[in-house]
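The values are calculated or read from the model by the stated rules, or taken from the named source; none is laboratory data. A quick note: this is a predicted structure, and the numbers were derived from the prediction, not measured. FYI the Cβ positions are ideal-geometry reconstructions off the backbone, even for glycines, and counts take in every protein chain you see.
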């Protein structure tokens, strides 16, 4: 059971370049999230999705875009990379059990450096 | 808005020492509370959770009790091991919402 798979694991971008961070899940969860983790700052929510075709901004959405065309995939797009986007990015999923939500399941992360 | 405050690290302990990592929260509703652990080079994984006041979550020798009166969810372990070295995150999910609010994380370093 793969769970949540993120690619790539590492990437170095030049300022102004663009890239897409991929996230795929095989857990059939409706809820998917993108977080960024900066040293000593915990995790900040970038975007989230409650199902295919539905996305919404989190706490720090500027400079990013997302789409959710299928339940399985939730790519994160950086259009014009900036040094401030150097971070570790985590994708997560969450399911529902009746009236409650399951725990969040995280991918291994993508370490992005913008130079 | 919701927030989580946890003690800053690193916390450095010798093997078999007792551990407490403090966590307090602010929430508008009746949140569920979580502790996640992140081992080096890996993503976060759930350690334990509690969904209502006075619940105690426990796993792998760790435990935490949901204290509504003090808005706290402190993580405790009676005897730590070198393999417990990791970063620990306290988090909450407010009632009716799935998104998690995280604390800044506390690094635990356990030496033999």
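Condition check ((1) free of Cβ contacts under 8 Å to residues at least 40 places away in the same chain; (2) out of contact with any strand residue (DSSP E or B) (no Cβ under 7 Å at 6 or more places or on another chain)) across all residues:
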position: A:5; (1), (2): no, no
position: A:21; (1), (2): no, no
position: A:31; (1), (2): no, no
position: A:42; (1), (2): yes, no
position: A:51; (1), (2): yes, yes
position: A:66; (1), (2): yes, no
position: A:73; (1), (2): no, no
position: A:93; (1), (2): no, no
position: A:104; (1), (2): no, no
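Filtering segment A:31-42 to residues that are outside any strand (DSSP E or B) and within 9 Å of chain B (Cβ to nearest Cβ) leaves A:40, A:41, A:42.
Hey, residue B:75 hits all of (1) more than 14 Å from chain A (Cβ to nearest Cβ); (2) closer than 25 Å to residue B:16 by Cα; (3) surrounded by fewer than 20 Cβ atoms within 10 Å (Cβ to Cβ) but one; which does it fall short on? It is condition (3) that residue B:75 fails. Is there a residue being within 12 Å of another protein chain (Cβ to nearest Cβ), surrounded by 15 or more Cβ atoms within 10 Å (Cβ to Cβ) and under 20 Å from residue B:7 (Cβ atoms) anywhere in segment B:60-67? No, segment B:60-67 contains no residue that is within 12 Å of another protein chain (Cβ to nearest Cβ), surrounded by 15 or more Cβ atoms within 10 Å (Cβ to Cβ) and under 20 Å from residue B:7 (Cβ atoms). Taking segment B:40-51 as the range and being in contact with a strand residue (DSSP E or B) (Cβ under 8 Å, 6 or more places away or on another chain), within 11 Å of another protein chain (Cβ to nearest Cβ), more than 17 Å from residue B:98 (Cβ to Cβ) and at pLDDT below 95 as the test, the residues that pass are B:43, B:45.
Could you tell me whether residue B:6 is within 18 Å of residue A:41 (Cβ to Cβ) and within 11 Å of chain A (Cβ to nearest Cβ)? Yes.
Of all the numbered requirements in (1) more than 20 Å from residue A:33 (Cβ to Cβ); (2) buried (at least 21 other Cβ atoms within 10 Å of the Cβ), residue B:31 misses one, and that requirement is (1).
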